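Comments concern the structure below.
The values are calculated or read from the model by the stated rules, or taken from the named source; none is laboratory data. Everything numeric in this text was worked out from a predicted model, so none of it was measured. All Cβ positions, glycine included, derive from the backbone under ideal geometry; neighbour counts span all protein chains shown. Keep in mind that these areas ignore ligands, DNA and RNA; they rest on the heavy atoms of the full protein, side chains included. Shrake-Rupley method; radii C 1.70, N 1.55, O 1.52, S 1.80 Å.
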Amino acid sequence: MRGSEDRSSGLFSYIRLEDRIAADHPLRAIRSLVDEALAALSGKFTTLYATTGRPSIPPEQLLRATLLQAFFSVRSERQLMEQINYNLLFRWFVGLDIDAAVWDASTFSKNRDRLLEADVAREFLTVLMSLSRVRRLLSSDHFSVDGTMIDAWASMKSFRPRDGSGDPPGPGRNGERDFRAEKRSNGTHVSTTDPDARLFRKADGQASRLCYLGHALMEHRHALIVDATLTHASGTAEREAALEMIERTRKPGRRVTLAGDKLFDAASFVSALRDRKVTPHIAVNGTVSKLGKVRKTLVDRRTTRHDGYEISLRIRKRIEEAFGWAKTIGGIARLKVRGIARATAAFTFRMIAYNLIRLPKIIEATG
C-alpha cells in the first residue's frame, strides 16, 4: 500500500542528538582525538580570556567548527553557520544542542580570528601529535620538508607603488588598470589589500603572484605532518623555515635525517644541517651550465651511497599529498583571510585536518 505524506510537524523530539549519529561514523573517531587534544589545551584557553564580562563562544566549539570547514570544503563562515543550523551531524561535532541558537557569522569570525592569532593552531598541532596513541605512530629519526605557494586574498590591481604614485584602476566595480612597461617589485610596491603578501614566482616561466609560502615537516613512518608554518614569500624562506621546524621538532642532540627537493641543495643550507647533526637527504641539483659545467653540491657520496638516502627521496614526495588535500579539499589554495598571523593559522589548521582525516585509519590498522 502506498504511504501517505504526513506534513504535520511535531513540536517535540524524543531522540537524542547522539543517537542520530551512526556508531561507525568516521567523525566519531576524529572527534575523540580532537576532544583529547582540546582538553590538554584547556589551561591555554583560560589564559586567553578575561575572568569577567560577557561569555564568548567556547574556544573548543570555535576550533571544532573550523575543522568542519576544512573537512567538508565549506567556502565561507556564513555558509558554515547555515549548515551548522540545519545539519545535525555538524551540530553534534561542534557540541551544540539541537535547540541551541547558531552564532552570527561575523561574531564567529571575530572570535575565531582572535583565538587563532594567539598561535593556538600550532599548539593544537603539537598537542595532537604528542597524544600517546598518536606519538607511537611517528618516526623520531627521519623527516621530510617542503613548501608550497598559497595565493593571498589580494588582486594584482592592489599592488601599488609605496610612494603613492601610479594610476588608479579605472571607474566601475572592477575597473581596469594597465601594467604595461611598469617595473614592479616588493621593494617599490606593496599590496593595499594585504600588505603582508609578496610578489613571487617559484620557477622561470611561471607568472608572479601575490602569495605566501606554506611549509610543512613530515615524518617518514606514516607520512604525518608534525610541524607547519607560513612565511613571507622569498627565495630563501623554505630553507629558513626548514631549519626552524627541524630544530623545533627533533629531540635535543639526536641525529636525524631530513629529505628535501633540489631547492634545498644549497651549500649554506647543507652546512647548517650538518652543524645541527642533521643528515641532509637532499635531492642533488645537477644543473649543467651553458659551458657544460655541472653545478657543485655538498651532498656527496658520504650520504648518497647509503640505501636510506634513496628511501628518503622516495618517501619525501608524500608531503605533496598534504599540500594537495589542503588546497583542493581544505580550500586553502587561495586564502580567505588577510595578514600573516591569520594566514599562518589557516594553513596550520588545514595540516591538522589532513592528519585527523588519516589518523583513525592508521590507528585502527596498527592496533
*Could you compute the FRET efficiency for residue 105 and residue 50, with r as their C-beta to C-beta distance and R0 at 30 Å, rounded to 0.05?*
0.80
*asked:* I need to check one value: relative contact order of the chain, counting alpha carbon pairs closer than 8 Å and at least 6 residues apart, in percent.
replied: 20 percent
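Keeping all protein chains in place and using 1.4 angstrom, which order do 337, 34, 284, 294 fall into by accessible surface area, from largest down?
294, 284, 337, 34
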*³J(HN,Hα) across the range 176-192 via Karplus (A = 6.51, B = -1.76, C = 1.60, θ = phi - 60°), whole Hz, x for Gly/Pro?*
7, 9, 8, 9, 4, 6, 9, 7, 10, 8, 5, x, 10, 10, 8, 6, 6
*When the accessible area of the range 136-273 is computed with all protein chains present and a 1.4 Å probe, what percentage of it is carbon and sulfur?*
49 percent
_Note, ³J(HN,Hα) from phi for the range 226-235, Karplus 6.51, -1.76, 1.60, rounded to Hz, x at Gly and Pro_ = 9, 7, 8, 7, 9, 9, 4, 7, 7, x
*Got a sec? What order do 198, 20 fall in by accessible area at 1.4 Å, biggest, i.e. largest, first?*
20, 198
*Which cross-chain or sequence-distant (5 or more) residues have an amide H under 5 Å from the amide H of residue 146, H modelled 1.01 Å from N in plane?*
216
*To the nearest 0.05, how large is the calculated FRET efficiency for residue 180 and residue 301 if R₀ is 41 Å and r is the Cβ-Cβ distance?*
0.20
*Quick one: ranking 25, 220 by accessible area, 1.4 Å probe, largest first, what do you get?*
25, 220
_Give me the one-decimal nm value for the distance between modelled label points at residue 138 and residue 208, 7 Å along each residue's Cα-to-Cβ direction._
3.9 nm
*How large is ³J(HN,Hα) for each residue in the range 131-141, as worked out from phi by the Karplus curve 6.51 cos²θ - 1.76 cosθ + 1.60 (θ = phi - 60°), to whole Hz, x for Gly and Pro?*
4, 4, 6, 9, 4, 5, 7, 9, 7, 9, 10
_Where the range 250-345 is the region considered: accessible area per residue in Å², 1.4 Å probe_ = 58 Å²
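Considering only protein heavy atoms and a 1.4 Å probe, what is the carbon-and-sulfur percentage of the accessible area of the range 275-321?
Result for the range 275-321: 51 percent of the exposed heavy-atom area is carbon or sulfur.
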_Amide hydrogen neighbours beyond the local backbone of residue 226, cut-off 5 Å, H modeled_ = 217, 218, 219
*Taking H placed 1.01 Å from N in the peptide plane, check which residues at least 5 places from residue 256 or on another chain put their amide H under 5 Å from its amide H.*
279
*Lys/Arg Cβ at +1, Asp/Glu Cβ at -1, dipole of the range 288-367 taken about the Cα centre: which of 353, 366, 292 is farthest positive-ward?*
292
*asked:* Let me check against my output: what whole-number percent is the relative contact order of the range 224-367, with C-alpha pairs under 8 Å and at least 6 apart?
replied: 24 percent
*Out of the DSSP beta bridges found with both residues in the chain, what percent are antiparallel (nearest 5)?*
70 percent
*residue 52 accessible area, assembled protein chains, probe 1.4 Å, Å²*: 110 Å²
*Taking a ≥ b ≥ c as the square roots of the eigenvalues of the Cα gyration tensor of the chain, is the shape rounded (a/c under 1.5), prolate (a/b larger than b/c) or oblate?*
oblate
